[in-house]
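Below is one structure; the comments refer to it alone.
The values are calculated or read from the model by the stated rules, or taken from the named source; none is laboratory data. From a predicted model like this one, the values you see are computed outputs, not experimental measurements. In this analysis, Cβ positions are derived from the backbone assuming ideal geometry, glycine residues included, and neighbour counts consider all displayed protein chains. Calculation scope for accessible area: heavy atoms of the full protein, side chains included, ligands and nucleic acids excluded. Shrake-Rupley method; radii C 1.70, N 1.55, O 1.52, S 1.80 Å.
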Amino acid sequence: MRYAVIGTGAIGGYYGSKLARAGHEVHFLLRSDYEYVRENGLDVQSCDGSFHLNDVHAYREAADMPVCDVVLVCLKTVNNHRLPALLTPLLHDKTLVVLIQNGIGVEPDVQTMFPTTALAAGLAFICCAKTEPGKVNHQCYGSINIANYSCGDEQLVATVVNDFIAAGINAHQVEYHEARWKKAVWNMPFNGMTVALNTRTDLLLGFAPTRQLIHEQMLEVIHAAQQLGVGNIDDAFAEQMLTTTDQMTPYSPSMKLDFDFHRPMEIHYLYSRPLAIAADHGIAMPKLAMLEAELRFIEQNNVGL
C-alpha cells in the first residue's frame, strides 16, 4: 500500500521511516526542514538500531503528493484546522486516515470535516524527539495501538497493523474508546505536570509528593473512563503506567517541548475536551481541572515570547 505522512516531526518521522525502510512507498510532507530532507534524507537515531533513509519522497505542499491508501496524520492537534487543505489531495474513496494524535474527541471532530472518510486512531507509546532538521532521536519504547473509528473494512485496519509489525514496530489493533482513555491515563498527568513544574518525568516520579499527585491524577482519568463505560481499565493500570515511566529514560513529553519552544500547547484535546465530556456525565476531575487552568494561564504568558 502507498502511505503518506502528514507532519514529519518525531512521531511521523519515526513510523514513516520504519515503514519506508521495510520497503513501503511512503510520501512525507515537511515544513521547515523540507530542503534538508530532500537533499540529505532522514536520519533515525534509535535505541532499537539507528538507520538512514537516503531517498525520501519529500514534499513541501500536499497538493504535490499522490493519492494514498493510508495517511498517517502526525500533526499536533492545534493544527487540525489545516486538515481540509492537507488531506483532500491525498484521498481516494477507500483511503484510511490514521490520526496519530493526542487527546480525546479528535476523531469526531475530524469526521465532521470528512464525513465519508474512514478514520482510525493511532496511540503511540514512544519517547522520541526531533530537535534538528531531518533527525529523529528515538530514546525508548516505540509501540503503537491502532483503533478503528469509522472504517467499514476491518481487514484494511488489520493490514495496516500488520505492515507496522513487519516493519519492526510493536503494533496492536485495539478497541477505540479503551485505547483513547488508556493513553489519557499517561498523557493528562505527565504532559501538563512537566509544564506546570518545568521538569521531566523522572524528576516528577522521584519526589514522593509529586509521584502521589501523578497517581491521583491517573486515578481520576481511570474512574472517569469507567463511569463512561470504557472497559478493560482499572486502578492497577495506574501502577502499570508508573512502573513503565520509571523505566523510561529521563523524558520531556511533547507538551513540554511545545512550552520550551513557545509553541501553542495541545490543551483542548488533552484536557478541555475530556474534562467537558466527563462533566456532561456528572463526573468530576478536580485535580486535572486545576491543571488545565494552570496550563491555560501558562500558555497565555508563554506563546510567542
Quiz prompt | From the C-alpha gyration tensor of the stretch 125-219, square roots of 5λ in Å | solution = 30, 19, 10
Exercise. Would you work out the relative contact order for the stretch 109-236, in percent, from Cα pairs under 8 angstrom that are 6 or more residues apart?
Key: 18 percent
Exercise. For the stretch 93-158 and the stretch 247-295, write down the distance between their C-alpha centroids in whole Å.
Key: 19 Å
Practice problem: Given the peptides 191-202, 243-254, arrange them by the average over their residues of other C-beta atoms within 10 Å, most packed first. | Solution: 191-202, 243-254
Exercise. May I ask for the distance between the Cα centers of the stretch 211-225 and the stretch 174-200, given as a whole number of Å?
Key: 10 Å
Quiz item: Taking every DSSP beta bridge that has both residues in the stretch 89-141, what percent is antiparallel when rounded to the nearest 5?
Solution: 55 percent
Quiz item: Debye sum, Cα scatterers, the stretch 12-106, no solvent: what log₁₀ I/I(0) at q = 0.16 1/Å?
Solution: -0.72
Self-check item: For the stretch 51-180: rounded, prolate or oblate by the Cα gyration tensor [a/c cutoff 1.5]
Solution: rounded
Quiz item: Using alpha-carbon pairs under 8 Å, 6+ residues apart, how would you state the relative contact order of the chain in percent?
Solution: 15 percent
Self-check item: Long pairs among Lys18/Lys256; Lys135/Lys287; Lys135/Lys182, criterion Cα-Cα beyond 31 Å
Solution: Lys135/Lys287
Quiz prompt | Listed residues Thr77, Thr88, Thr117, most fluctuating in the chain (Gaussian network, C-alpha, under 10 Å) | solution = Thr88
Quiz item: Between exposed GluC sites (Glu not before Pro) in the chain, where DSSP calls loop and at most 15 other Cβ atoms lie within 10 Å, what's the longest gap?
Solution: 176-305
Quiz prompt | Dipole in debye (nearest 20) - the chain, about Cα centre, beta carbon charges: Lys, Arg +1; Asp, Glu -1 | solution = 380 debye
Quiz item: Each residue of the stretch 110-118 in order: what ³J(HN,Hα) in whole Hz does its phi give by Karplus 6.51 cos²θ - 1.76 cosθ + 1.60, θ = phi - 60°, with x for Gly and Pro?
Solution: 5, 4, 5, 6, 10, x, 9, 8, 6
Self-check item: Loop-located trypsin sites (Lys or Arg not before Pro) in the stretch 34-129, at most 16 other Cβ atoms within 10 Å (DSSP)
Solution: Arg60, Lys94
Exercise. Would you mind working out the accessible area per residue for the chain, using a 1.4 Å probe, and quoting it in Å²?
Key: 42 Å²
Quiz item: Is the stretch 192-305 rounded, prolate or oblate when judged by the Cα gyration tensor, a ≥ b ≥ c being the square roots of its eigenvalues, rounded requiring a/c under 1.5 and prolate requiring a/b larger than b/c?
Solution: oblate
Quiz prompt | Interatomic Cα distance distribution for the chain, bins of 10 angstrom, percent | solution = 6, 28, 36, 23, 6, 0
Quiz item: In percent, what relative contact order does the stretch 1-46 have, based on Cα pairs under 8 Å that are 6 or more apart in sequence?
Solution: 44 percent
Exercise. Taking amide H positions as placed in the peptide plane 1.01 Å from N, state which residues far from Val71 in sequence (5 or more) or on other chains have amide H under 5 Å from it.
Key: Ala4, Leu96, Val97, Val98
Quiz item: Taking the alpha-carbon centroid of each part, what is the distance from the stretch 49-86 to the stretch 1-27 in angstrom?
Solution: 8 Å
